[in-house]
1. Does the stretch 62-71 contain at least one residue that is among the β-branched types (Val, Ile, Thr) and either loosely packed, with under 12 Cβ neighbours inside 10 Å or in a helix (DSSP H, G or I) (or both)?
2. Please count how many residues of the stretch 64-92 are closer than 13 Å to GLN26 by Cβ and β-branched (Val, Ile, Thr).
3. Within the set of pairs 6 or more residues apart or between chains, which connect a residue that is under 13 Å from GLY34 (Cβ atoms) inside the stretch 68-87 to a residue that is at pLDDT 95 or above and small (Gly, Ala, Ser) with Cβ atoms less than 6 Å apart?
4. Is it fair to say ALA50 is of a type outside the set (D, E, K, R), touching a Gly at 6+ places or on another chain (Cβ under 9 Å) and surrounded by 18 or more Cβ atoms within 10 Å (Cβ to Cβ)?
5. Any chance you could count how many residues in the stretch 20-42 are part of a loop (DSSP other than H, G, I, E, B) and surrounded by fewer than 15 Cβ atoms within 10 Å (Cβ to Cβ)?
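The values are calculated or read from the model by the stated rules, or taken from the named source; none is laboratory data. For clarity, every value in this text was computed on a predicted model and none was experimentally measured. Methodologically, a virtual Cβ is constructed for each residue, glycine included, from the backbone with ideal geometry; neighbour enumeration extends over all protein chains shown.
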Amino acid sequence: MSALKKRARALEDEFAYQQEFMFKAQARRNALLGLWAANTMHRPDGDAYARELAMADVGAPDGAFNRVRADLRSAGVDCPDEELRDRMVVMLKDVARDMRGY
């Protein structure tokens, strides 16, 4: 295998790793978001809600955000969109750091 082909293969492998890593990190972030939201809404089914939310982004790019925003509003909890997005960013950074081990 030529050096150019090896380099292309290495780049493809790195891209695949990054995509898988982000998928797992977003799923974990969504689960944490679900636990937080369930606690905020005083839901007794926090673990089940978190599991549902863990896969919410699979079907739509903003699936978890839209679901939590709608659920918070229907529960009468005031949480501005910017605050919710900021919380999601912080949670994703924390999860990614934990997954990397530092």
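1. Step one: of the stretch 62-71, the residues among the β-branched types (Val, Ile, Thr) are 68.
Filter once more, keeping what is either loosely packed, with under 12 Cβ neighbours inside 10 Å or in a helix (DSSP H, G or I) (or both): 68.
The answer is yes, given that some residue of the stretch 62-71 is among the β-branched types (Val, Ile, Thr) and either loosely packed, with under 12 Cβ neighbours inside 10 Å or in a helix (DSSP H, G or I) (or both).
2. First, pick out the residues of the stretch 64-92 that are closer than 13 Å to GLN26 by Cβ: 64-65, 88-89, 91-92.
Right, trim to β-branched (Val, Ile, Thr) and you get 89.
Of the residues in the stretch 64-92, 1 are closer than 13 Å to GLN26 by Cβ and β-branched (Val, Ile, Thr).
3. VAL68/ALA37
4. Working: of a type outside the set (D, E, K, R): yes; touching a Gly at 6+ places or on another chain (Cβ under 9 Å): yes; surrounded by 18 or more Cβ atoms within 10 Å (Cβ to Cβ): yes.
Answer is yes for this residue.
5. Quick first cut of the stretch 20-42, residues part of a loop (DSSP other than H, G, I, E, B) only: 41-42.
Subsequent filtering for residues that are surrounded by fewer than 15 Cβ atoms within 10 Å (Cβ to Cβ) retains 42.
Going through the stretch 20-42 one residue at a time, the tally reaches 1.
A quick yes/no check of all residues on (1) at pLDDT below 95; (2) of a type outside the set (Asp, Glu); (3) under 26 Å from MET99 (Cα atoms); (4) in contact with a Lys or Arg (Cβ under 7 Å, 6 or more places away or on another chain):
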residue: PHE21; (1), (2), (3), (4): no, yes, yes, no
residue: LEU32; (1), (2), (3), (4): no, yes, yes, no
residue: ASN39; (1), (2), (3), (4): no, yes, yes, no
residue: ARG51; (1), (2), (3), (4): yes, yes, yes, no
residue: LEU72; (1), (2), (3), (4): no, yes, no, no
residue: ALA75; (1), (2), (3), (4): no, yes, no, no
residue: GLU83; (1), (2), (3), (4): no, no, yes, no
residue: ARG87; (1), (2), (3), (4): no, yes, yes, no
